[in-house]
């Protein structure tokens, strides 16, 4: 699907980002990835620093002259209201919201016809555990940024986001209640997100923009009541 196309992926060295890079390469794309972790074909740097994004964007355009797909995947810090400092909270927002905004801004003049952007949000953009404020705020921000960009870039690029639920990036076999509590009966895999990212960047999704698609095995649709279906509240 992506022969001759250039895909840019942040946080591409491991987990969901690595699976997205591998999926694009499998479909023939040239992949430009950036991550804090060095690796083959990885532009190493901190996307929380604007100078790094500028250098990365310049490198991509110098080598290829165009961008067909951008996937903003790099995860922000997760800390809560009790322990998260001012600096840490703002760093989470820089990585999770400011960096995607600025990378799109830098690459916008070089977007090819039919370009697509996918932002990786989280089901935490709509639900929370205690002590997750920095991550949750950043994911809420990237979800809102998605529909704003979709409107601003109308006619130039489609922009959508994916909100993963529990995605295991270790390759472990997760069974028992952790799996069966999910309506689909299992925990998610990075490939579940990668395949949707490919679809959203493809011509098959040509009538989809500004959307946030939750990929969580149905967990955000599961209503939980004390003493219902074996659930008991013990908090």
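Coordinate-derived values only; no laboratory data. All of these numbers come straight from a predicted model, not from anything done at the bench. With ideal geometry, Cβ positions are generated from the backbone for all residues, glycine too; neighbour counts draw on all protein chains shown.
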Paramagnetic reach from residue 66 (point 7 Å along Cα→Cβ, amide N under 13 Å) across region 199-226: none
By average C-beta atoms within 10 angstrom, highest first, the peptides 110-120, 214-224, 143-153: 110-120, 143-153, 214-224
Folded to 0 to 90 degrees: helix 190-201 orientation relative to the chain principal axis, Cα: 50 degrees
Cβ-Cβ FRET estimate between residue 54 and residue 191, R0 fixed at 22 Å, reported to 0.05: 0.10
Theoretical ellipticity at 222 nm over the chain - DSSP helices of four or more residues, -39500 (n - 2.57) apiece, nearest 500: -10500 deg cm²/dmol
Ordering of 29-37, 167-175 by packing [mean C-beta count within 10 Å, highest first]: 29-37, 167-175
Approximate spin-label separation residue 27-residue 226, in nm, with each point projected 7 Å along Cα-to-Cβ: 4.8 nm
Nearest-0.05 FRET efficiency for residue 152 and residue 83, computed from C-beta distance (R0 25 Å): 0.10
Label point at residue 129 placed 7 Å out along Cα→Cβ; residues across region 60-100 whose backbone nitrogen lies under 20 Å: 74-85, 89, 92-93, 96
Share antiparallel - DSSP beta bridges, the chain, percent rounded to 5: 0 percent
On Cα atoms only, tilt of 50-64 relative to the major axis of the chain in degrees: 60 degrees
Residue with peak Gaussian network fluctuation, the chain [Cα springs, cutoff 10 Å], from 58, 195, 40: 40
Ordering of 136-142, 70-76, 47-53 by burial proxy (mean other Cβ atoms within 10 Å per residue, highest first): 70-76, 136-142, 47-53
